[in-house]
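Participant: Supplied in structure tokens, the structure appears directly below.
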Amino acid sequence: MTIRWSDQESVVEWAPAITNQAGEVQLSRGSKIESVLQSRQEILVWTDAAIYSLQYLGPPYVWGNQLLSDNISIASMNAAAYGSGIAYWMGKDKFYKYDGRVQTLRCDLLRHIFNNINTSQFDQVFSGTNEGFTEIWWFYCSQGSTTIDKYVIYNYAEDIWYYGSMARSAWLDTALRDYPVAATYVNNLVYHEYGVDDGTAAPAVPIEASITSAQYDIGDGHNFAFVYRMIPDLTFRGSTSGTTPQVTMYLQGLNNSGSGITQTGNANVVNTGSAPSVIEVDEFTGQLYIRIRGRQMQMKITSNTLGTQWQLGAPRIDIRPDGRR
């Protein structure tokens, strides 16, 4: 719980004296220091029970410490990251942020993560930033795994969370390079956000992408809804030239919340012809005809083809009341 520093511009003079700036401070909350992170105007120090701020004061005290919050936790020494002037970290049972005051971070995936995390492997948890997409990443071991196989991402610009499976052992953002770089368990360094396929092995394989909307209904869900056509508003801009990018769209019907999917209408959405070779060229799919009925609806989009990159806009769905039963 002791923090020591040497004299200014010296790595050998550690003994405090009136003629130098060597010194030390004792932290009082907790039993050991867990992690340290440099921010813009201070150094953040986590113990196993609290977080402190160290600020340079100049002689004679040199460094001063301030308790920011207690009764908090941090998963590992590498579980904190600093993005856009805010510190984010994973605790033992929740996420936190510090932007001048310590706050619990709202997380829609809290149960999904901490109900399926190997608590005996907390020391392997590490985080990183992806500033190009305003993201904070955390990598961790799932239940039954002793190596990292899962990740969770917080997008602080959009205030949204997403997750997936990926085996990585280290991460470095784009400060000195064009793309984030990560290490795999097979001794490879791989670029992220480079190209549109999974290039961790040769030949490259498609990236499996999937997104499912929340369930929606008409009014308070008293009436069933009937859908017979939609405009997906989908663009394949950025797909690899010479390929035919394709996604599969599903509009799924439910009788009520928790009932499970009772009916699925789907349509393949294909960009016919060559993919655009310049970013200014957009390719949109037109009107689709499907027949589906349910008290609630949800939309799902998946893709698993080489060279495919897609972006969803604002789909239009022709939906109308269709009785109460």
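The values are calculated or read from the model by the stated rules, or taken from the named source; none is laboratory data. Quick caveat: nothing in here was measured; it's all calculated off a predicted structure. Cβ placement follows ideal geometry from the backbone for every residue including glycine, while neighbour counts extend to all protein chains displayed. Accessible surface areas use protein heavy atoms only, side chains included; no ligands, DNA or RNA. Shrake-Rupley method; radii C 1.70, N 1.55, O 1.52, S 1.80 Å.
Participant: Considering just Cα atoms, how many Å³ per residue does the convex hull of segment 73-166 enclose?
Facilitator: Working: hull volume 8.2 nm³, N = 94.
Looking at segment 73-166, the number lands at 87 Å³ per residue.
Participant: Could you tell me what a quarter of the Cα convex hull surface of segment 1-131 works out to, in nm² with one decimal place?
Facilitator: Numbers: hull surface 37.4 nm².
Hull-based average projected area comes out at 9.4 nm².
Participant: Between Val62, Ser239, Leu110, whose Cα lies farthest towards the positive end of the dipole of the chain when Lys and Arg beta carbons carry +1 and Asp and Glu beta carbons carry -1, centred on the Cα centre?
Facilitator: Value computed over the given set: Leu110.
Participant: A further question on this structure: Rg/Rh for segment 1-62: what does it come to with C-alpha atoms and Rh from Kirkwood?
Facilitator: Numbers: Rg = 12.5 Å, Rh = 12.6 Å.
Checking Rg against Rh, the ratio lands at 0.99.
Participant: Straight distance only, please: which lysines reach the Cα of Lys300 with their own Cα at less than 25 Å, same-chain residues fewer than 8 apart left out?
Facilitator: In chain and number order, the partners are Lys150.
Participant: Summing -39500 (n - 2.57) over the DSSP H runs of n ≥ 4 in the chain and dividing by its residue number, what mean residue ellipticity at 222 nm do you reach, to the nearest 500 deg cm²/dmol? Mind dumping the intermediate values first?
Facilitator: On the way: 1 runs with 5 residues, N = 325.
Rounded to the nearest 500, the figure is -500 deg cm²/dmol.
Participant: Given +1 on the Cβ of Lys and Arg, -1 on the Cβ of Asp and Glu, and no further charges, what dipole in debye does segment 46-142 carry about its Cα centre, rounded to the nearest 20? Present the calculation step by step, with values, prior to reporting the outcome.
Facilitator: Details: 6 positive and 8 negative charges, 36 e Å.
Dipole of segment 46-142, to the nearest 20 debye: 180 debye.
Participant: Still on this structure: Could you look at the chain and say what percent of its accessible area is carbon and sulfur, using a 1.4 Å probe and all protein chains? Numbers along the way, then the final one.
Facilitator: Details: 8610 of 18070 Å².
Taking all protein chains in place, the chain shows 48 percent carbon and sulfur surface.
Participant: What's the whole-number percent of alpha carbon pairs in the chain lying beyond 26 angstrom?
Facilitator: So the pairs more than 26 Å apart make up 62 percent of the total in the chain.
Participant: Just tell me which lysines come within less than 23 Å, Cα to Cα, of Lys32; anything on the same chain fewer than 8 places away is out.
Facilitator: Answer for Lys32, where 23 Å is the Cα cut-off: Lys92, Lys94, Lys97, listed by chain and number.
Participant: Another question about this same structure. With a 1.4 Å probe and all protein chains left in place, how much accessible area per residue does the chain have, in Å²? Display every interim value, and only then the final one.
Facilitator: Details: 18070 Å² over 325 residues.
That works out to 56 Å² for each residue.
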